[in-house]
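Written out below as C-alpha cells is the structure these notes cover.
The values are calculated or read from the model by the stated rules, or taken from the named source; none is laboratory data. Small disclaimer: the values here were computed from a predicted structure and weren't measured. In this analysis, Cβ positions are derived from the backbone assuming ideal geometry, glycine residues included, and neighbour counts consider all displayed protein chains. The accessibility values were calculated without ligands, DNA or RNA, using every heavy atom of the protein model including side chains. Shrake-Rupley method; radii C 1.70, N 1.55, O 1.52, S 1.80 Å.
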Amino acid sequence: MSKAKVGQRIKKFREKQGLSLEEFSNRTGLGIDFLEAVEEKEKYPSLGPLLKIARALGVRLGTFLDDQVSKDPLIVKLGGRQEEFSMHSDKEKTASMKYFSLAKGKSDRHMEPFFIEIQPEDGEPKMTSHEGEEFIIVVSGKLKVVYGKEESVLEAGDSVYFNSVVPHYVAAEGSERCDIYAVLYFPE
C-alpha cells in the first residue's frame, strides 16, 4: 500500500457514512481545512487527530493502514518495511516523523507497533494526548520526551512507557536523527 492511501481511505470511510466535511468536523472537533489537508494532501501533524478521526468513523486507527488481511504470526523483515505515513510540523515541508507500520496485515490487533524515524526540528513542541498507552525504545540518536511537566532525554537502548492521556511530546534531541520503536495501545 502506498503512503498516499491513508488520507484516501479516511475520505472513503467518511463518504461511505454520508458525512459532509462540516459534519465530520463537528464529530471530530477538528477544523474543515485540517480535515481536507489530511484527506487530500496526506498531512498529519500527530497521531492524536488521526485517533479522533478513527473514533468519529467508528473504526480503529489500524483500519486506515490495513488491507484487512489477518495473519498470524505476522513477520516484517527489515528490508520489507514500508513507510505508511509521515507527520509534518506546521512550517516544515519535509516530514519530521516517518512511520513504518510493523503490524499492517494483522487486522485483529489491539496494539499499533511502529518503527519511526524522527528528524530534528525547530520550534515549540506541540503536546498531544489521547486514550491509551505508549511504549518506546530508542534505537539510535537521542530522544527528548516531554510528559506533563517532566522532561527527559533518552539514548540508544533506553525505553519509556507511559499513559498517553497525559499531554506528551517526543522529538529528536540535538541535530541528529533519532530512530525509535514505538508500540501504541488504544482501548476500543
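Here are some notes:
- Evaluated against (1) at pLDDT 85 or above; (2) open to solvent by 40 Å² or more (accessible area, probe 1.4 Å); (3) closer than 16 Å to LYS5 by Cα, PHE34 falls short on exactly one condition, (3).
- Residue check for GLY174: touching a Pro at 6+ places or on another chain (Cβ under 8 Å), farther than 18 Å from GLU112 by Cβ and exposed (fewer than 15 other Cβ atoms within 10 Å of the Cβ): yes
- Breaking point among (1) more than 17 Å from THR28 (Cα to Cα); (2) at pLDDT 75 or above; (3) surrounded by fewer than 17 Cβ atoms within 10 Å (Cβ to Cβ), for VAL59: (1)
- Residue that is surrounded by the most Cβ atoms within 10 Å (Cβ to Cβ), among those in segment 62-84 that are assigned to a loop (DSSP other than H, G, I, E, B) and modelled with pLDDT of 75 or more: VAL76
- Per the conditions (1) open to solvent by less than 30 Å² (accessible area, probe 1.4 Å); (2) more than 13 Å from the chain's Cα centre (by Cα); (3) under 24 Å from ALA103 (Cα atoms), the sole criterion not satisfied by ASN163 is (1).
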